[in-house]
Amino acid sequence: MKKENNLKYYLRKNFYLDTTVSINDNREVIVENCKKILEYNDIFIKISTSTVTFQIWGNNLRIKNYEDKGLIIEGVISSIEFL
Amino acid sequence: MFRTLRGVMKLEISGYGYEKLLNDMNENSISCFNVKSEKENLYLEIYKKNLSMIKNICEKHNLEIKLLSQKGIIFRILRYSKRYGIIAGILLFLVISFFLSNIVLKIDINGNENVSDEKIIDFLKRNGIDYWSFIPEIDMDNMGRKLYIEFDEISWATVRNSGGILIVDIREGTDKPYMVPINQKCNVISDKDAQIVKIKVYSGTPVVAEGDGVAKGDVLISGIVTDKFGKSQAVRADGEITARYTEEVCFYQPLESVSLTECGKIENKSFSLWGKKLYRKNNIPEDKMIKTVSRTKDFSIFGIKLPMGISTDTYYLYEYKEMIDTPIYAEEKCIEKIKDYEEIFYSDKIIYNKEVIKENDSKGVKIRVIYTIDSKIGVKQNIIV
C-alpha cells in the first residue's frame, strides 16, 4: 500500500499532474489541473481537483480563461479555504 | 488578434446549475473566457466554432442560451457572403489581373539603332510572339538566341517580361573604324584639270607651284624625298592643294510636268490600350499615295499617365497631277533647282565665277551654268615598290 502511494506520488510529480495554485496579490488566482467547478457565482467559487477541493471567496469573481484544465480567476479575493 | 480572426461570441446563459456547463465544456475541450456571474446569469465568451456544441450542452442541462454579441473578421466576411456583386467583382478582378499579367500587352525594344523596331517585331511575330500572346508559353531564352542568329547587327539579345510588357534588350555590334595606313607610301595626284591657287605641303616633295596648270592624274606632291646627301626614300605624301577649275551643269525644267500634290486628308481616331489600337476604321483609298502621321494622347489621373488613350492617325493623301507652266514660272523653278544644287554640292567650296546661259525651247526652259570654283583637289595614290 505504501509502495503504491509512493509510485502515484512519483508519477504525479514527474508528469506535472499535481494541482498548482498561484495567487497574484488578491487579484488573480491561477489553478492548474482543475477537475471540476462545483459551484460558481460572483462571490464564491468551489473547485475540485484530483487531490484537493478548495473554495475562493471574494467580490466580482470572474473566470478569465477556462481551457485544458487550467483556470484563471480574477476579482477581489478575500480568502481561499482548503477543505 | 487571434481571437478577432477566429470570431468570438458573447453568450448569456440563464438557468440553474451553470457550473455543469463549465465542467462539460472543459471535458469537451471547449475554451471559454471572460466568464462572469451576474444576477443568476452567466456571461461568457466562446469561439464561433464551439457554438453548436454549447447549444447541445445547454439543452442537456436545461439552460437557456442567448447570443449577446459577436465580433471578429469572420462575421464581417459572412455579412457580405450573400452580396454576389462584391464576390463577382473580386473574382472578376482576380481573373483580369491574371489575364493582364500573363499576356503580351506591349513590346518594348531597347538598344537597337541599325535594326528597326518593325523588323524585330516582324521577326517575333514569325516566331509566334505578338500582342495578346500567352507569356508562359514564350520561350524567352531561345528567342534571345534566335534574334542573335537572325540579325548580323545584333551581338547580344535577351527577351524578358515585366508584367504584361515584353522587353527585348538588344546590344548591337559596332563597325571597326577606318584605319588610315600611315606607313603606306603614296603620292598626291590631281583628280581634276585645274590651275593651282595655293599649295601647302606637310610631307613629300611638291612637284607643282602656284599658278601651274595641271591635268587629271598629274602628280602634285611626290612621295619620293631626297635628302641633302642625295639619298632617296619613299614617304607618305600629304598636303592641302587648292586649285581653280570649271564645271558645267545643265538644268532643265519642262513646261509640262507631273507633280505630286496633296489632295486631302483623313483622320481616324481609335482607342489605344498599351499601345495597341483596339478599333481601326478602314476608309483609306487604295489608289492614292499616303503619308501617315500618328499621335496618341494618353489619359492621366492626378498627373500619372495611364496606359490607355485616344490615338489619332492622320492620312495625307497625294496624287500625281499634270501641270503646264508658263516659261517664266518654269525659269523660276529652274533657278530654285540651281540654288538647291549649289547648297548641296558647293557649300564647302568657293564659287569664284558663275556664268549663266539660258536656252529656251517650246518644251521647256534649259539653263547652263558654268562655275569657276576654288576648291581642294588631290587624291592619294599608293606607291607600289
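The values are calculated or read from the model by the stated rules, or taken from the named source; none is laboratory data. Predicted model only: the values in this text are computed from it and were never measured. Because the Cβ atoms are built from the backbone with ideal geometry, glycine has one as well, and the counts that use them run over all protein chains shown.
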**Study point:** Qualifying residue in the stretch B:52-73 (condition: in the same structural domain as B:L21 (by TED's automatic domain parsing) and in contact with a Cys (Cβ under 8 Å, 6 or more places away or on another chain))
**Key:** yes
Review point. If you go through the stretch B:76-93 one residue at a time, do you hit one that is among the aliphatic types (A, V, I, L, M), exposed (fewer than 11 other Cβ atoms within 10 Å of the Cβ) and closer than 30 Å to A:Y40 by Cα?
Key: no
Review point. Considering the stretch B:1-36 alone, what residues qualify as being within 8 Å of another protein chain (Cβ to nearest Cβ) and either touching a Ser or Thr at 6+ places or on another chain (Cβ under 9 Å) or assigned to a helix (DSSP H, G or I) (or both)?
Key: B:Y18, B:E19, B:L22, B:N23, B:M25, B:N26
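Going through B:E248, B:E286, B:E262, B:E240 one at a time, which residue ends up being at negative phi, under 46 Å from the mean Cα position of the chain (by Cα) and at pLDDT 90 or above?
Numbers: B:E248 fails: under 46 Å from the mean Cα position of the chain (by Cα); B:E286 fails: at pLDDT 90 or above; B:E262 fails: at pLDDT 90 or above.
After ruling out the rest, the residue left standing is B:E240.
Listed residues B:I87, B:I129; which is in a helix (DSSP H, G or I), outside the structural domain of B:I46 (by TED's automatic domain parsing) and either more than 27 Å from B:P307 (Cβ to Cβ) or touching a residue at least 12 places away in the same chain (Cβ under 8 Å) (or both)?
Being in a helix (DSSP H, G or I), outside the structural domain of B:I46 (by TED's automatic domain parsing) and either more than 27 Å from B:P307 (Cβ to Cβ) or touching a residue at least 12 places away in the same chain (Cβ under 8 Å) (or both) holds for just one of B:I87, B:I129, which is B:I87.
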Point to revise | Selection status of B:I73, loosely packed, with under 13 Cβ neighbours inside 10 Å, out of contact with any helix residue (DSSP H, G or I) (no Cβ under 8 Å at 6 or more places or on another chain) and farther than 19 Å from B:T158 by Cβ | key: no
Study note, to complete from the structure: Scanning the stretch B:62-84 for residues that are of a type in the set (S, T, N, Q) and in a strand (DSSP E or B), the one farthest from B:K36 (Cα to Cα) turns out to be B:Q70
**Study point:** Selected residue (criterion: nearest to A:S79 (Cα to Cα)) from residues of the stretch A:10-36 that are acidic (D, E) and in contact (Cβ under 8 Å) with a residue 24 or more places away in the chain
**Key:** A:E28
Practice item. Restricting attention to the stretch A:34-73, report how many residues are in a strand (DSSP E or B), more than 8 Å from chain B (Cβ to nearest Cβ) and in contact with a Ser or Thr (Cβ under 8 Å, 6 or more places away or on another chain). Key: 8
Practice item. Select, from B:A243, B:A234, B:A215, the only residue that is of a type in the set (A, V, I, L, M), within 30 Å of B:K192 (Cα to Cα) and surrounded by fewer than 11 Cβ atoms within 10 Å (Cβ to Cβ). Key: B:A215
Study note, to complete from the structure: Checking A:F44, A:F82 in turn, the sole residue that is over 24 Å from B:L44 (Cβ atoms) and at pLDDT 90 or above turns out to be A:F82
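Rundown of residues vs (1) under 30 Å from B:P206 (Cα atoms); (2) in contact with a helix residue (DSSP H, G or I) (Cβ under 6 Å, 6 or more places away or on another chain); (3) outside any helix (DSSP H, G or I), yes/no style:
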site: B:S300; (1), (2), (3): no, no, yes
site: B:M323; (1), (2), (3): no, no, yes
site: B:I344; (1), (2), (3): no, no, no
site: B:I384; (1), (2), (3): yes, no, yes
**Study point:** Residue ID - farthest from the chain's Cα centre (by Cα), chosen from residues in the stretch B:37-60 that are within 9 Å of chain A (Cβ to nearest Cβ) and surrounded by 20 or more Cβ atoms within 10 Å (Cβ to Cβ)
**Key:** B:S37
Exercise for review: Mind listing whichever residues of the stretch B:311-361 are without any contact (Cβ under 8 Å) to a residue 40 or more places away in the chain, among the polar types (S, T, N, Q) and either in contact with a strand residue (DSSP E or B) (Cβ under 9 Å, 6 or more places away or on another chain) or over 30 Å from B:K376 (Cβ atoms) (or both)?
Suggested key: B:N353, B:N360
Review point. If you go through the stretch A:18-36 one residue at a time, how many are among the hydrophobic types (A, V, I, L, M, F, W, C) and at pLDDT below 90?
Key: 1
